[in-house]
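Working notes, structure below.
Quick note: the coordinates plus some simple rules give every number you see, no bench work behind them. Just so it is clear, the structure is predicted and the values come from calculations on it, not from any experiment. Ideal geometry is used to build each Cβ from the backbone, glycine not excepted, and the neighbour counts take in all protein chains shown.
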Amino acid sequence: MKFLTLTEYFERLEATSKRLEMFDILAELFKSASSEDIDKIIYLSQGQLLPPFHGLETGISEKLIERAISEASNESLKRVQQAYKETGDMGLVSEKLMHGRKGYELTVRQVYEELTDIAMTGGSKSVERKISMLANLFKGVSSREAKYIARLVIGKLRLGIGDPTFLESLSLAHGDRELRPVLERAYNICCDLGLVARTLLEQGIEGIAKMRVNVGYPIRMALCERLPSPEDIIEKMGRAAIEAKYDGFRVQCHKDGDKIDMFSRNLEKTTHMFPEIAAAIIKYVCAKKMIIEGEALAYNEESGELLPFQVTIQRKRKHGIEDLSKELPLKFFAFDLLFLDDEDYTGRPFAERRAKLEAIIAENSIIEPSEMVITENPADIYRFFDNTIARGLEGAVAKRLDAPYSAGARNFNWIKLKRSYKGELSDTVDVCIVGYFVGRGARTKFGIGGILGAVYDNKSETFKTISKIGSGFSDEELIELKSLLDKIALKHKHKNVDSDMKADVWVEPQYVITVTADELTRSPMHTAGRDKDGIGYALRFPRSTGFIRTDKKAVDANTVSEIITMFEQQKKVSIG
Ligand code: ATP
């Protein structure tokens, strides 16, 4: 396929926010793609070169692309900078300054390979080399193509297509909607849409059904539902495993001989963050190849006390990890086994996975199985829960004994139980920031007084507002927030945001923050969960409880349906 053809599809996708139209456009695109092109087409449409767990980035900043555009267009750097100031969009800048170019009709594969070469260029003088490679690429394409290449290389393509839309369109393109669950399962166990699509084209749906968990490819993580009390949990699950809920980093560890890979909640590679856990896995976990999951958190080596998330988060660094691991050692509580020595365990019952997990971990001071009791008595859960809370943990997670590992799903196979303080919601809410307000009074000095928070509606793949949040931020946080948000500011409300409120500055839906509130209320002001009378849900007295959740992407914000469930549960008696 010619890259110009792909560009035309991008133009059509950009022009619509209707999901049904997106399905049609994408299905048409996928139908016309060859098996050699399809994975590249998908990655490029996702605005990347490979899935994020590969950690491949172009390494092109706005400063660098300005120089490449200047070189390719023969315009002065000043002129490029000025055009960027006016439009705020590097795509429009390159389109404008390279206007009239015809290009050499490069193929998708050629452009993909050039971009990959740019990304892989490292070492000394790599900055200059990257700039000249990118300038050369610009010189070979038309201005329409340049627009999307510019956005791609700085990570701002953002066509607003969610993974479910890709899966739906892929099944529409190559069969019918019945393919969707099989494709979805394959995606959940490899996190690579390009690989799924290519396998479909090369081997048909039979090939997809045969796809297995692979060490090195992250598995989309299972998530918890919530219920307000131990009685509800036992009623729902019967006899169940009750585990301590640790508040640290979720880590999925992949071991292949001495090679260890670790992935975060949002499937990014985090291996560099946990050297002592990697070493302990090699030494104390008896398996050639395996995938286990657990929670890593800082602890006091002398007293054994587990430390709060605010302390553990200090381990989130790129450099100086070895020293930090001595200062702030981690413990790893393993809670699941997903793969062991060529056997996929995800389909096996939890009780069996857990027994095997315990069997392969030799006694040591770093990795241990999570604390657990098995019971059918709510009183035991209360006791277990109180004990975890007394030790500063977050609460408990109940697990259905006969359930498989629900890759990529939030369901009642796992149920979390957290403390609810008097007059507070029993759980925090993760909202995506879709805009901010300049603020009044003392706050005007920071240029930001609060943010507009939205939850995710996975049916329409849009963000629906739920609250304006101005409390809970320190002055430093407000300053940092403004600077981060200004980098992703938009001239208009994003097409995937549904809001009646008018933010002073709209931003790309990208950052998630955790918010606590007194309660959920019904309100005509917000679009989350809006009924036919125009009444949605809102947070009463919301306040931020931390800074940006780097382990969550925009679509990992709480969903509208979760908010409705929380609203229903709020009416019931809750634990506390
Ligand atoms: P999400 O479910 O979207 O991750 P969240 O980030 O608000 O939401 P919670 O739902 O409160 O997190 O809790 C789920 C998280 O709890 C898991 O992702 C995991 O990191 C952590 N966790 C701690 N202990 C356990 C355990 N024993 N079993 C499973 N998860 C645990």
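I'd like the orientation of helix 19-31 relative to the chain: the angle between its Cα long axis and the longest Cα principal axis, in ° from 0 to 90, rounded to 10.
Taking the Cα atoms of the chain, the angle to 19-31 is about 70 degrees.
If you wrap a convex hull around the alpha carbons of region 429-569, what volume per residue comes out, as a whole number of Å³?
Dividing the Cα hull volume of region 429-569 by its residues yields 103 Å³.
Can you list the residues, at least 5 places off or on another chain, whose amide H is less than 5 Å from the amide H of T559, using H built in the peptide plane?
Excluding prolines and chain starts, which carry no amide H, the hits are Y456.
Using the Cα centre as the reference, give the magnitude of the dipole from point charges on the C-beta atoms of region 1-152 (Lys, Arg: +1; Asp, Glu: -1; all else neutral), rounded to the nearest 20 debye.
For this selection, approximately 420 debye.
Note down the Stokes-Einstein diffusion coefficient of region 313-454 in µm²/s, whole number, using a Kirkwood radius over alpha carbon pairs, 20 °C, and 1.002 mPa s.
Estimated via Stokes-Einstein, D reaches 110 µm²/s.
Using only alpha carbon positions, build the gyration tensor of region 37-159, then give the equivalent ellipsoid semi-axes as the square roots of 5 times its eigenvalues, largest first, whole angstrom.
Listed largest to smallest, the semi-axes of region 37-159 are 21, 16, 14 Å.
Relative to the longest principal axis of the chain, what angle (0 to 90°, nearest 10) does the C-alpha long axis of helix 475-487 take?
That works out to roughly 40 degrees.
Straight-line reach from K445: which lysines have Cα under 16 Å away, leaving out those fewer than 8 places along the same chain?
K482
What does region 467-515 give for Rg and for Dmax, in Å, if only its C-alpha atoms count?
11.4, 31
Kindly write out, for region 198-215 in residue order, the coupling ³J(HN,Hα) from the Karplus curve 6.51 cos²θ - 1.76 cosθ + 1.60 (θ = phi - 60°), rounded to whole Hz, with x marking Gly and Pro.
Once rounded to whole Hz, the list reads 5, 4, 4, 6, 7, 10, x, 5, 5, x, 5, 5, 8, 4, 10, 4, 10, 5.
As a quick test, which of the pairs K318/K487; K40/K63; K269/K318 have an alpha carbon distance above 18 angstrom in this structure?
Violating the 18 Å limit, Cα to Cα: K318/K487; K40/K63.
With +1 on the Cβ of every Lys and Arg and -1 on the Cβ of every Asp and Glu, and nothing else charged, how large is the dipole of the chain about its Cα centre, in debye rounded to the nearest 20?
1520
Where Rh denotes the Kirkwood radius from the mean inverse Cα pair distance, what is Rg over Rh for the chain?
For the chain, the value is 0.96.
What ³J(HN,Hα) values, in whole Hz, does the Karplus curve 6.51 cos²θ - 1.76 cosθ + 1.60 give for region 342-350 when θ = phi - 60°, with x put for Gly and Pro?
Result, ordered by residue: 6, 10, 7, 9, 4, x, 7, x, 3 Hz.
Residue farthest toward the positive end of the dipole of the chain, with Cβ of Lys/Arg at +1 and Asp/Glu at -1: which of A68, L267, L172?
Result: A68.
For A351 and K2, what is the calculated FRET efficiency with R₀ set at 56 Å and r taken between the beta-carbons, to the nearest 0.05?
Once the sixth-power term is evaluated, E becomes 0.55.
Which of the pairs K18/K416; K31/K102; K31/K356 have their Cα atoms more than 32 Å apart in this structure?
Cα-Cα > 32 Å for K18/K416; K31/K356; rest within.
Return the calculated 222 nm mean residue ellipticity for the chain, to the nearest 500 deg cm²/dmol, obtained by summing -39500 (n - 2.57) across DSSP H runs with n ≥ 4 and dividing by the residue count.
Value at 222 nm, helices only, nearest 500: -11500 deg cm²/dmol.
Pick out, in residue order, every one of the GluC sites (Glu not before Pro) in region 341-414 that is DSSP loop and has at most 14 other C-beta atoms within 10 Å; say none if there are none.
Passing both the DSSP loop test and the Cβ count: E363, E376.
Rounding to the nearest 20 debye, state how big the charge dipole of region 342-438 is about its Cα centre with +1 on each Lys and Arg Cβ and -1 on each Asp and Glu Cβ.
360
Tell me, what ³J(HN,Hα) does each residue in region 217-231 have, in order and in whole Hz, if you take phi through Karplus 6.51 cos²θ - 1.76 cosθ + 1.60 with θ = phi - 60° and put x for Gly and Pro?
With coefficients 6.51, -1.76 and 1.60, one gets 9, x, 9, 4, 6, 6, 10, 9, 8, 10, 9, x, 8, x, 4 Hz.
Calculate, in nm to one decimal, what E327 and K236 gain on full extension: separation in residues at 0.36 nm each, minus their alpha carbon distance.
28.4 nm
Specify the inter-centroid distance of region 189-242 and region 113-170, based on alpha-carbon positions, in whole Å.
If we compute the Cα centre of each part, the gap is 31 Å.
Which parts of region 138-153 would a label at S126 reach, counting a residue when its backbone N lies under 17 Å from a point 7 Å out along Cα-to-Cβ?
153
Taking amide H positions as placed 1.01 Å from N in the peptide plane, with prolines and chain starts having none, which residues 5 or more places from I367, or on another chain, fall under 5 Å of its amide H?
Here the answer is F332, since their amide H atoms fall under 5 Å of that of I367.
Can you tell which of W506, V560, I360 lies farthest toward the positive end of the dipole of the chain, using +1 and -1 charges on the Cβ of basic and acidic side chains (Lys, Arg; Asp, Glu)?
W506
Identify the trypsin sites (Lys or Arg not before Pro) of region 1-65 meeting these criteria: DSSP loop state and at most 14 other C-beta atoms within 10 Å of the C-beta.
Answer in residue order: K18.
Report the FRET efficiency, 1/(1 + (r/R0)^6), for E206 and R12, where r is their Cβ-Cβ distance and R0 is 30 Å, rounded to 0.05.
The pair E206/R12 has a calculated efficiency of 0.40.
So how do V80, V285, V215 line up by other beta-carbon neighbours within 10 Å, fewest first?
Listed from fewest to most nearby Cβ atoms, that is V215, V285, V80.
When all alpha-carbon pairs of region 223-417 are counted, what percent fall beyond 26 Å?
Pairs farther apart than 26 Å: 31 percent.
Say the dipole of region 87-235 comes from +1 at the beta carbon of Lys and Arg and -1 at that of Asp and Glu; which of I234, F138, M120 then lies farthest toward its positive end?
The listed residue farthest towards the positive side: F138.
Using a cut-off of under 17 Å, list every residue of region 518-548 whose amide N is near the label point 7 Å from the Cα of Q314 along the Cα-to-beta-carbon line.
Flagged as within label range: 547.
Two-decimal Rg/Rh of region 304-377 from alpha-carbon positions, Kirkwood Rh?
1.06
Fewest first, what order do I367, I282 take by the number of other Cβ atoms within 10 Å?
I282, I367
Using amide H atoms built 1.01 Å from N in the peptide plane, name the residues 5+ places from G472, or on other chains, whose amide H lies under 5 Å from its own.
When sequence neighbours closer than 5 places are left aside, the close amide H contacts are S544.
Can you tell me the 0 to 90 degree angle between the C-alpha axis of helix 62-73 and the longest principal axis of the chain, rounded to 10?
20
What ranking do L20, L157 get, fewest neighbouring Cβ atoms within 10 angstrom at the top?
Exposure proxy ranking, most exposed first: L20, L157.
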